[in-house]
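Participant: First, the structure itself, so that you have it in front of you.
The values are calculated or read from the model by the stated rules, or taken from the named source; none is laboratory data. Quantities reported herein were computed from a predicted structural model and do not represent experimental measurements. Heads up, the Cβs are rebuilt from the backbone with ideal geometry, glycines too, and the neighbour counts pull from every protein chain shown. We work out accessible area using only protein heavy atoms, side chains counted, and drop any ligands, DNA or RNA first. Shrake-Rupley method; radii C 1.70, N 1.55, O 1.52, S 1.80 Å.
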Amino acid sequence: MILLSSEAISDVERVREFLYSKDPDAAVRTVGAIWAALERVEHFPKIGKPTEDGRIRQIVVRFGRRGYIVRYRIQPDNVIFVTRIWHGLEAR
């Protein structure tokens, strides 16, 4: 099971809205790529690289020349809890 934090939901909406205003097809493909990556994480939870906070893992979803960073936590029963999503060029 994959759950998204309220922040991660806002992140996806922000990414989708930004891209949709420029290229609606890219918006759909980007969200699809992020979701496909999360489905891989669901099957292989430890695929992500641990972050400085040992409870949080991170994957990079390649899209075009750059990618999106997805941070998540593995909860009991291997539930994937997505904490944040952002583009690699965003100021963090």
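Participant: Hey, among the residues in the range 55-67 that are modelled with pLDDT of 95 or more and not hydrophobic (A, V, I, L, M, F, W, C), which one's farthest from the chain's Cα centre (by Cα)?
Facilitator: Arg57
Participant: Suppose we filter the range 22-46 for residues that are without any contact (Cβ under 8 Å) to a residue 24 or more places away in the chain and more than 18 Å from Leu4 (Cα to Cα); how many remain?
Facilitator: Adding up the residues that qualify gives 7.
Participant: Give Glu52, Glu7 a once-over and let me know the one that is open to solvent by 40 Å² or more (accessible area, probe 1.4 Å) and either of a type in the set (Gly, Ala, Ser) or at pLDDT 95 or above (or both).
Facilitator: Glu7
Participant: Which of the residues spanning the range 1-25 are assigned to a helix (DSSP H, G or I) and touching a Ser or Thr at 6+ places or on another chain (Cβ under 8 Å)?
Facilitator: Within the range 1-25, Glu7, Ala8, Val15, Arg16, Leu19 qualify.
Participant: Would you please name the residue that is least open to solvent (accessible area, probe 1.4 Å), looking only at residues in the range 55-79 that are more than 16 Å from Trp35 (Cα to Cα) and among the aliphatic types (A, V, I, L, M)?
Facilitator: So the residue we want is Ile56.
Participant: If Val82 passes every condition in (1) open to solvent by less than 20 Å² (accessible area, probe 1.4 Å); (2) in contact with a helix residue (DSSP H, G or I) (Cβ under 8 Å, 6 or more places away or on another chain); (3) modelled with pLDDT under 95 but one, which one does it miss?
Facilitator: With respect to (1) open to solvent by less than 20 Å² (accessible area, probe 1.4 Å); (2) in contact with a helix residue (DSSP H, G or I) (Cβ under 8 Å, 6 or more places away or on another chain); (3) modelled with pLDDT under 95, Val82 is out only on (3).
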